[in-house]
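Take a look at the following structure, please.
Please treat every number below as a calculation from the coordinates, not as lab data. Given the structure is predicted, the values throughout are model-derived calculations rather than measurements. With ideal geometry, Cβ positions are generated from the backbone for all residues, glycine too; neighbour counts draw on all protein chains shown.
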Amino acid sequence: MTTMTTSVSPEWLALREPADAAGRSTELVELFDERLDDARPIVVHDLGCGAGSMARWLAPRLPGPQLWVMYDQDPVLLRLAGSAIPAGARDGAPVAVQTRRRDVTDLDNDELVGASLVTASALLDVLTGDEVERIVDRCVNARCATLLTLSVTGRVDLSPADPLDAEIAAAFNAHQFRTTQRGRLLGPLASRMTAALFRRFGADVVVRPSVWRLDRAQHALLVEWFAGWVGAACEQRPELAERAADYVRRRLAEAAEGRLRAEVHHEDVLAWPQ
């Protein structure tokens, strides 16, 4: 099995954190909260935690005390996650953090046992089918709730419209499905496949949309996301590069004028074992 080495920069994670927080489904958090038993503390295992943004978003929405176990392969991100402890739970109870430098696609069979919740953010779509199956198997074995947020669906809505939008989107989505040394990535099918796997194991599953809505108020993120979106499309289809250069100039001019808006669609999945 090839080790997963996907990592991102702290700067990108910090830039996207407000949009992630605004996009995630609070309805799924409320559903999880309603089904919590009285056992305390709540133990949350955060897979691919990055710099800890999921804990900062979710911990204040849940009662405490809480223990967050953070997993990532990047030691720099783990240090950031461990040092940026959420201020407290919804009821003011303390939130503690542990960090584990681990490949989350290769967890031990019983590593998640005892968890109240397993969670991840923006993870599923950069995994292969085999990797997602292993994670689902570990969650089911732990018999705990699982909340997996912000998996891309492949849908991007840009305003004002441009003739090249659809072609860039198609090339980007093909790039999301690319084959790596680890296998073929799930890309925009990730949330759908994950939900199906949980249902196969008899879990209750709820899927909800989670959308980035970017405009002049998120100018820096809009520009950074757009550059990466077009860059991936051109990596997949190099013949697009010449037309894409003019496209980027047009779009960046619109962004500078405050006219460009983007909706980047994702899905959140909550699975609960019966």
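On the basis of being out of contact with any helix residue (DSSP H, G or I) (no Cβ under 8 Å at 6 or more places or on another chain) and assigned to a strand (DSSP E or B), does Val43 make the cut?
Details: out of contact with any helix residue (DSSP H, G or I) (no Cβ under 8 Å at 6 or more places or on another chain): yes; assigned to a strand (DSSP E or B): yes.
Taking the combined requirement at face value, the residue satisfies it.
Could you check, for the stretch 258-272, whether at least one of its residues is over 30 Å from Glu27 (Cβ atoms), in contact with a His (Cβ under 7 Å, 6 or more places away or on another chain) and touching a residue at least 24 places away in the same chain (Cβ under 8 Å)? Outline the logic, then answer.
Let us first name the residues in the stretch 258-272 that are over 30 Å from Glu27 (Cβ atoms), namely 258-259.
Then keep just the ones that are in contact with a His (Cβ under 7 Å, 6 or more places away or on another chain); that gives none.
There is no residue in the stretch 258-272 that is over 30 Å from Glu27 (Cβ atoms), in contact with a His (Cβ under 7 Å, 6 or more places away or on another chain) and touching a residue at least 24 places away in the same chain (Cβ under 8 Å).
Given the options Val211, Val205, name the one that is touching a strand residue (DSSP E or B) at 6+ places or on another chain (Cβ under 9 Å), closer than 19 Å to Gly23 by Cα, among the β-branched types (Val, Ile, Thr) and in a strand (DSSP E or B).
Values: Val205 fails: closer than 19 Å to Gly23 by Cα.
Selected residue: Val211, the only one of Val211, Val205 that is touching a strand residue (DSSP E or B) at 6+ places or on another chain (Cβ under 9 Å), closer than 19 Å to Gly23 by Cα, among the β-branched types (Val, Ile, Thr) and in a strand (DSSP E or B).
Right, next: Could you tell me whether any residue of the stretch 21-30 is surrounded by 14 or more Cβ atoms within 10 Å (Cβ to Cβ), part of a loop (DSSP other than H, G, I, E, B) and not polar (S, T, N, Q)?
yes
Got a sec? Which of Arg200, Arg134 is under 30 Å from Arg102 (Cβ atoms), surrounded by fewer than 22 Cβ atoms within 10 Å (Cβ to Cβ) and more than 20 Å from the chain's Cα centre (by Cα)?
Numbers: Arg134 fails: more than 20 Å from the chain's Cα centre (by Cα).
On inspection, the qualifying residue turns out to be Arg200.
With (1) touching a residue at least 60 places away in the same chain (Cβ under 8 Å); (2) buried (at least 16 other Cβ atoms within 10 Å of the Cβ) as the list, and Ala59 as the residue in question, which single condition is left unmet?
Failing condition for Ala59: (1).
Could you tell me whether any residue of the stretch 159-166 is over 17 Å from Met193 (Cβ atoms), part of a strand (DSSP E or B) and touching a residue at least 24 places away in the same chain (Cβ under 8 Å)?
Of the residues in the stretch 159-166, the ones over 17 Å from Met193 (Cβ atoms) are 159-166.
Still in the list and also part of a strand (DSSP E or B): 159.
Retained after the next criterion (residues that are touching a residue at least 24 places away in the same chain (Cβ under 8 Å)): 159.
Taking every residue of the stretch 159-166 in turn, at least one turns out to be over 17 Å from Met193 (Cβ atoms), part of a strand (DSSP E or B) and touching a residue at least 24 places away in the same chain (Cβ under 8 Å).
Here's another thing I want to ask about it. Answer with yes or no whether Ala51 is touching an Asp or Glu at 6+ places or on another chain (Cβ under 9 Å), touching a residue at least 40 places away in the same chain (Cβ under 8 Å) and part of a loop (DSSP other than H, G, I, E, B). Even if it seems obvious, please write down each step before you answer.
Numbers: touching an Asp or Glu at 6+ places or on another chain (Cβ under 9 Å): yes; touching a residue at least 40 places away in the same chain (Cβ under 8 Å): yes; part of a loop (DSSP other than H, G, I, E, B): yes.
Yes.
Regarding the stretch 233-252, can at least one residue be identified that is assigned to a loop (DSSP other than H, G, I, E, B) and in contact (Cβ under 8 Å) with a residue 40 or more places away in the chain? Steps first, please.
Start the filter on the stretch 233-252 by keeping residues that are assigned to a loop (DSSP other than H, G, I, E, B), which leaves 237.
Keeping just the survivors that are in contact (Cβ under 8 Å) with a residue 40 or more places away in the chain gives 237.
Scanning the stretch 233-252, I find at least one residue that is assigned to a loop (DSSP other than H, G, I, E, B) and in contact (Cβ under 8 Å) with a residue 40 or more places away in the chain, so the answer is yes.
Would you mind stating whether Leu158 is farther than 20 Å from Ala203 by Cβ and touching a Lys or Arg at 6+ places or on another chain (Cβ under 8 Å)? Before the answer, list the steps.
Values: farther than 20 Å from Ala203 by Cβ: yes; touching a Lys or Arg at 6+ places or on another chain (Cβ under 8 Å): yes.
Considered against the rule, which asks whether it is farther than 20 Å from Ala203 by Cβ and touching a Lys or Arg at 6+ places or on another chain (Cβ under 8 Å), Leu158 comes out as yes.
Given the conditions (1) surrounded by fewer than 20 Cβ atoms within 10 Å (Cβ to Cβ); (2) farther than 22 Å from Ala120 by Cβ; (3) among the aromatic types (Phe, Trp, Tyr), and given that Phe226 satisfies all but one, which numbered condition is not satisfied?
Of the numbered conditions (1) surrounded by fewer than 20 Cβ atoms within 10 Å (Cβ to Cβ); (2) farther than 22 Å from Ala120 by Cβ; (3) among the aromatic types (Phe, Trp, Tyr), the odd one out for Phe226 is (1).
While we're on this one: For the stretch 214-238, name all the residues that are closer than 17 Å to Glu257 by Cα and more than 20 Å from the chain's Cα centre (by Cα).
Asp215, Arg216, Ala217, His219
What's the total number of residues in the stretch 255-274 that are out of contact with any Gly (no Cβ under 9 Å at 6 or more places or on another chain), buried (at least 16 other Cβ atoms within 10 Å of the Cβ) and more than 23 Å from Gly187 (Cβ to Cβ)?
Kept after step one, since they are out of contact with any Gly (no Cβ under 9 Å at 6 or more places or on another chain), are these residues of the stretch 255-274: 255-263, 267, 269-272.
Narrowing further to those that are buried (at least 16 other Cβ atoms within 10 Å of the Cβ): 255, 260-262, 267, 269-272.
Still in the running and more than 23 Å from Gly187 (Cβ to Cβ): 255, 260-261, 272.
Residues in the stretch 255-274 being out of contact with any Gly (no Cβ under 9 Å at 6 or more places or on another chain), buried (at least 16 other Cβ atoms within 10 Å of the Cβ) and more than 23 Å from Gly187 (Cβ to Cβ): 4 in total.
Just for the stretch 175-191: of the residues that are surrounded by 16 or more Cβ atoms within 10 Å (Cβ to Cβ) and touching a residue at least 60 places away in the same chain (Cβ under 8 Å), which one is nearest to Pro238 (Cα to Cα)?
Taking the candidates together, the pick is His175.
Please verify whether Ala120 is crowded, with 16+ Cβ neighbours inside 10 Å and of a type in the set (A, V, I, L, M), treating the condition exactly as stated. Lay out the reasoning, then the answer.
Working: crowded, with 16+ Cβ neighbours inside 10 Å: yes; of a type in the set (A, V, I, L, M): yes.
Yes.
Turning to a different aspect of this structure: For the stretch 139-156, name all the residues that are touching a helix residue (DSSP H, G or I) at 6+ places or on another chain (Cβ under 6 Å) and surrounded by fewer than 21 Cβ atoms within 10 Å (Cβ to Cβ).
Thr153, Gly154, Val156 - these are the residues of the stretch 139-156 that are touching a helix residue (DSSP H, G or I) at 6+ places or on another chain (Cβ under 6 Å) and surrounded by fewer than 21 Cβ atoms within 10 Å (Cβ to Cβ).
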